[in-house]
Each structure stands twice: as structure tokens, then as C-alpha cells.
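Below you'll find the structure I mean.
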Amino acid sequence: QVQLVESGGGSVQAGGSLRLSCAASGDTYNAYCMGWVRQAPGKEREGVAQIFAGSSTYYGDSVKGRFTISQDNAKNTLYLQMNSLKPEDTAIYYCAAECLAYGVATTQYNYWGQGTQVTVSS
């Protein structure tokens with residue numbers, strides 16, 4: 001079965017940067033549409049970024065200009081470069097594959113990773 005494993009999370013101070021990676025393995029999956037979704041304690045899951053057709057992207061308003069999603073199909077890896085991090089970015093970040101809807105707001109995907117914690121302190 002398809003497995004998605006996130007890495008790169010950690011604790012940083014406001015204004016810092018982190019680069020999240022998502023390594024895909026297992027059965028063949030459709031990489032046409034993948035994304036990053038985050039969930040803060042006590043809050044609903046929030047779409048952060050989505051990439052489809054290899055290069056087209058969507059970003060949430062709160063992260064646009066600060067986060068960049070990219071994909072390396074040769075390595076079966078999805079990335080999220082996060083710059084100028086803010087305390088409100090603190091959440092568990094999930095890698096997701098095979099979107100069921102286009103648009104950054106979606107939290108509907110066929111496959112999910114276990115998540116990686118991102119903590120931003122002021």
C-alpha cells in the first residue's frame with residue numbers, strides 16, 4: 001500500500017525557516033495532485049498548499065509568499081519550504097496524496113502521512 005512519511009519538522013523561533021519533506025513509497029499512486037494540510041490543537045484541519053500537474057500550485061492566504069510547495073517525481077518526494085515562520089504556523093503538518101478536490105482549502109485526499117510537528121515560538 002502507499003505510504004507517505006513526513007520529515008523535517010521541529011522547533012524554530014519566529015522568522016525562522018523549515019523544509020518539510022514527504023517521501024512516498026509502496027504501491028503506485030497518482031501523484032498528479034498532492035498537498036500539505038496542517039492541524040493545530042483544538043482546530044480543524046486546514047489546507048496549506050497543493051501542487052498538481054507537476055508545477056501548478058495553490059496556497060492558503062495565510063502562507064502565500066512565505067511557503068513554497070514543490071515535487072520531485074524522480075525521488076517520489078514532496079516538499080514544503082516554510083520561511084518567515086510565525087507562531088500561528090504551529091501545527092502538525094500532514095503530507096497528502098491524490099486530492100479529491102482542487103484548491104488549497106481541500107482536506108480531502110486518498111492518502112495521508114502520519115504528520116510532523118512544527119512549533120514556532122515568539
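Residues of the range 108-122 being under 17 Å from Ser25 (Cα atoms) and surrounded by fewer than 20 Cβ atoms within 10 Å (Cβ to Cβ), which ones?
The answer is Asn110, Tyr111, Trp112, Gln114, Gly115.
What's the total number of residues in the range 43-52 that are open to solvent by 40 Å² or more (accessible area, probe 1.4 Å) and either closer than 18 Å to Leu80 by Cβ or in contact with a Pro (Cβ under 8 Å, 6 or more places away or on another chain) (or both)?
First, the residues of the range 43-52 that are open to solvent by 40 Å² or more (accessible area, probe 1.4 Å): 43-46.
Add one more test, that the residue is either closer than 18 Å to Leu80 by Cβ or in contact with a Pro (Cβ under 8 Å, 6 or more places away or on another chain) (or both), and what stays is 45-46.
Within the range 43-52, residues that are open to solvent by 40 Å² or more (accessible area, probe 1.4 Å) and either closer than 18 Å to Leu80 by Cβ or in contact with a Pro (Cβ under 8 Å, 6 or more places away or on another chain) (or both) number 2.
Further, regarding this structure: Sort out which residues of the range 73-88 are exposed (fewer than 13 other Cβ atoms within 10 Å of the Cβ) and either within 14 Å of the chain's Cα centre (by Cα) or at pLDDT 95 or above (or both), and write them in order of number.
Answer for the range 73-88, where residues must be exposed (fewer than 13 other Cβ atoms within 10 Å of the Cβ) and either within 14 Å of the chain's Cα centre (by Cα) or at pLDDT 95 or above (or both): Pro87, Glu88.
State all residues of the range 1-35 that are closer than 20 Å to Tyr102 by Cα, crowded, with 16+ Cβ neighbours inside 10 Å and of a type outside the set (A, V, I, L, M); if no residue qualifies, say none.
Within the range 1-35, Cys22, Tyr29, Cys33, Gly35 qualify.
Out of Ala105, Ala40, Ala91, Ala97, I need the residue that is hydrophobic (A, V, I, L, M, F, W, C) and open to solvent by 40 Å² or more (accessible area, probe 1.4 Å). Which one?
After applying the criteria, what remains is Ala105.
Can you list residue pairs whose Cβ atoms sit under 9 Å apart, with the first residue in the range 1-16 being modelled with pLDDT of 95 or more and the second being basic (Lys, Arg) and open to solvent by 30 Å² or more (accessible area, probe 1.4 Å)? Count only pairs 6 or more apart in sequence or on different chains.
Gly8/Arg19; Ala14/Lys86; Gly15/Lys86
Could you tell me which of the residues Gly103, Gly54 is part of a loop (DSSP other than H, G, I, E, B) and in contact with a helix residue (DSSP H, G or I) (Cβ under 8 Å, 6 or more places away or on another chain)?
Exactly one of Gly103, Gly54 is part of a loop (DSSP other than H, G, I, E, B) and in contact with a helix residue (DSSP H, G or I) (Cβ under 8 Å, 6 or more places away or on another chain), namely Gly54.
Results for (1) closer than 14 Å to Gly9 by Cα; (2) at pLDDT 95 or above; (3) within 10 Å of the chain's Cα centre (by Cα); (4) of a type outside the set (Gly, Ala, Ser), shown as yes or no for each residue.
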{"position": "Tyr29", "(1), (2), (3), (4)": "no, no, no, yes"}
{"position": "Val37", "(1), (2), (3), (4)": "yes, yes, yes, yes"}
{"position": "Gly47", "(1), (2), (3), (4)": "no, yes, yes, no"}
{"position": "Lys64", "(1), (2), (3), (4)": "no, yes, no, yes"}
{"position": "Val104", "(1), (2), (3), (4)": "no, no, no, yes"}
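Condition first: part of a loop (DSSP other than H, G, I, E, B) and either closer than 14 Å to Ala105 by Cβ or in contact with a Leu (Cβ under 8 Å, 6 or more places away or on another chain) (or both). Now tell me which residues in the range 57-67 satisfy that.
Gly60, Asp61, Ser62, Val63, Lys64, Arg66
List the number of the failed condition for Ser56; all other conditions in (1) among the small types (Gly, Ala, Ser); (2) closer than 19 Å to Gly16 by Cβ; (3) free of Cβ contacts under 8 Å to residues at least 60 places away in the same chain hold.
Status for Ser56: all satisfied but (2).
The values are calculated or read from the model by the stated rules, or taken from the named source; none is laboratory data. This structure is a prediction, so every number in the text was calculated from the model and none was measured. So basically every Cβ, Gly included, is an ideal-geometry build from the backbone, and we count neighbours across all protein chains shown. Accessible surface areas use protein heavy atoms only, side chains included; no ligands, DNA or RNA. Shrake-Rupley method; radii C 1.70, N 1.55, O 1.52, S 1.80 Å.
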